[in-house]
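Down below is the structure, laid out as structure tokens.
The values are calculated or read from the model by the stated rules, or taken from the named source; none is laboratory data. Everything quoted here is computed from the prediction, not taken from an experiment. Neighbour counts run over all protein chains shown; Cβ positions are idealised from the backbone, glycine included.
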Amino acid sequence: MKKILFIVSALVLTMAAGTGCTGAKSGGDAGDTLRMKYAGRISIIEHEGYSKVVIADPWTEGRTLHTYILAQRGDKSLTDDSLKSIAPEATVVRTPLRKALITTSVHCALAGELGCAAAVGGVCDIRYISLPWVKEGVKDGSIRDCGSAMAPAIETIIDLAPDAIFLSPFQNSGGYGRIENLGVPIIEMADYMETSAMGRAEWMKFYGMLFGAEEKAQALFDKTDSAYCELKAKAAGNGEKSGGAKSVVMDKLVGAVWYVPGGGSTVGRMLRDAGYAYPWQDDASAGSLSLSLETVLEKASDADVWLFRYDSPQPMTRSVLLSENAGYAQFKAFKTGELYGCNTATSNFYEETPFHPERLLRDFITILRPGLGLGQPRYFVKVK
């Protein structure tokens, strides 16, 4: 189940036609609001000496999930008590963070890309993290292995004494257990609940603030945004010249269930940005649909392209697919050989795509329009 949740949260996309001035500020009575170009679940208001960050509850309209007050470490002019008086419900976080416990590989990767690897003091679920510098850090003891995110090693965390703990919130999870009683600020990483890829990627601005890397985060976001928009425009222009779009079906069975991205999901939108016709594009679901093989066949057996992810020490083959389920042979894409697999066990798919959606979009476009000269796909390989 954890792997499914991770997959759903890891694949994201953008409505690249969004408007707004990236990084612009607007004056207001309460401070300067950092305008978000795509993100809809986070707001940042900068005041003199501190910033207020409000994260909207993804599951309850109009409700706040968490409020933070970020203030510079060592600034004695603003005490924690005085900051709490500004927003009693807020969690005060002193920045830049120096020793954070980060429970997901994707946020570890972002910290490293922002030049803040030294601020990662602990991790969870090390077996799911493929980043060499994290593995080496755990090996030499500079990064503490704090067990599983679902059942963290509390004594190890106490010994680590982190200045913040990064956790992923889930609906009806019942809270974070004993971790909530440690007196350490909990950073709720709700970025995966954004409804567009660039919306999720834009959260890097918030994480950059936490690590004291605001300028690097802004520059990285601007570069990512520009690349995504350029790719989307290229796909649209080529699609107009080449006529009708090819149709695509995503993923494969997990047990007896096929989790199909809804038309309103980040994946569904990204496929549309790439120029594909998607059988479920009229479905407004922002998450995934739980379907049977028979239902998928009824809707998408004639799909021109089949893209799926899997986790295996060995490359996927057509024969292995058929050994999993002989029904796969009924898909047009299987018959024509237009099927492509992404092995998440041997690629940095999960670490990269949430904050680099342009890389995944490039893969989608490259497979659909190989004549555009975008090079070889980064994650997906043709299954033989």
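Taking the numbered list (1) part of a helix (DSSP H, G or I); (2) farther than 15 Å from A119 by Cα; (3) touching a strand residue (DSSP E or B) at 6+ places or on another chain (Cβ under 8 Å) in turn, K223 passes all entries but (3).
Being loosely packed, with under 15 Cβ neighbours inside 10 Å and farther than 30 Å from G275 by Cβ is a property that P132 has.
Each row is one residue, and each column tells you yes or no for (1) modelled with pLDDT of 95 or more; (2) within 18 Å of A256 (Cβ to Cβ).
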site: R269; (1), (2): no, no
site: W280; (1), (2): yes, no
site: A286; (1), (2): no, no
site: L293; (1), (2): yes, yes
site: L297; (1), (2): yes, yes
site: L307; (1), (2): yes, no
site: G327; (1), (2): yes, yes
site: F334; (1), (2): yes, no
site: E338; (1), (2): yes, no
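Right, A303: among the small types (G, A, S) and crowded, with 22+ Cβ neighbours inside 10 Å or not? Yes; evaluated as a whole, the condition is true for this residue.
V54 falls short on exactly one of the conditions (1) part of a loop (DSSP other than H, G, I, E, B); (2) modelled with pLDDT of 95 or more; (3) surrounded by fewer than 19 Cβ atoms within 10 Å (Cβ to Cβ); (4) within 22 Å of the chain's Cα centre (by Cα), and that condition is (1). In region 211-231, the count of residues that are surrounded by 21 or more Cβ atoms within 10 Å (Cβ to Cβ) and hydroxyl-bearing (S, T, Y) is one or more.
Looking across region 255-267 at every residue that is at pLDDT 95 or above and in a strand (DSSP E or B), the one that is farthest from A227 (Cα to Cα) is identified as V257. So for region 369-378 (the condition being under 17 Å from the mean Cα position of the chain (by Cα) and under 20 Å from Y278 (Cβ atoms)), does at least one residue qualify? There is no residue in region 369-378 that is under 17 Å from the mean Cα position of the chain (by Cα) and under 20 Å from Y278 (Cβ atoms). A117 meets all of the listed conditions (1) crowded, with 19+ Cβ neighbours inside 10 Å; (2) at pLDDT 95 or above; (3) among the hydrophobic types (A, V, I, L, M, F, W, C) but one, namely (1). Of the strands (runs of 3 or more DSSP E) lying entirely inside region 59-103, those carrying at least 2 residues that are more than 28 Å from D145 (Cβ to Cβ) are 64-72. Looking across region 152-210 at every residue that is buried (at least 23 other Cβ atoms within 10 Å of the Cβ) and of a type in the set (D, E), the one that is nearest to R362 (Cα to Cα) is identified as E202.
This table checks each residue for (1) crowded, with 16+ Cβ neighbours inside 10 Å; (2) within 22 Å of the chain's Cα centre (by Cα); (3) at pLDDT 95 or above; (4) not aromatic (F, W, Y).
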position	(1), (2), (3), (4)
L5	no, yes, no, yes
V8	yes, yes, no, yes
T14	yes, yes, no, yes
A24	no, no, no, yes
G27	no, no, no, yes
L70	yes, no, yes, yes
T79	no, no, no, yes
L97	yes, yes, yes, yes
T103	yes, yes, yes, yes
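Within region 197-220, the set of residues being outside any helix (DSSP H, G or I), aromatic (F, W, Y) and touching a Phe, Trp or Tyr at 6+ places or on another chain (Cβ under 9 Å) comprises W203 only. Only one of the listed residues (I179, I154, I187, I158) is in contact with a Pro (Cβ under 7 Å, 6 or more places away or on another chain), touching a residue at least 24 places away in the same chain (Cβ under 8 Å) and more than 21 Å from T266 (Cβ to Cβ). That residue is I179.
Residue-by-condition table, conditions (1) surrounded by fewer than 20 Cβ atoms within 10 Å (Cβ to Cβ); (2) closer than 20 Å to Y340 by Cα; (3) out of contact with any Phe, Trp or Tyr (no Cβ under 6 Å at 6 or more places or on another chain):
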residue: K252; (1), (2), (3): no, yes, no
residue: A256; (1), (2), (3): yes, no, yes
residue: Y259; (1), (2), (3): yes, yes, yes
residue: G263; (1), (2), (3): no, no, no
residue: W280; (1), (2), (3): no, yes, yes
residue: S285; (1), (2), (3): yes, no, yes
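Per the conditions (1) hydrophobic (A, V, I, L, M, F, W, C); (2) modelled with pLDDT of 95 or more; (3) buried (at least 17 other Cβ atoms within 10 Å of the Cβ), the sole criterion not satisfied by V320 is (3). In region 319-345, of all residues being β-branched (V, I, T) and touching a residue at least 12 places away in the same chain (Cβ under 8 Å), the one that is farthest from K205 (Cα to Cα) corresponds to T336.
Taking first residues from region 78-107 that are touching a residue at least 60 places away in the same chain (Cβ under 8 Å) and under 13 Å from V134 (Cβ atoms) and partners that are part of a helix (DSSP H, G or I) and among the small types (G, A, S), the Cβ contacts under 8 Å between residues at least 6 apart in sequence or on separate chains come to A100/A111; A100/A119; I102/A111; V106/A10.
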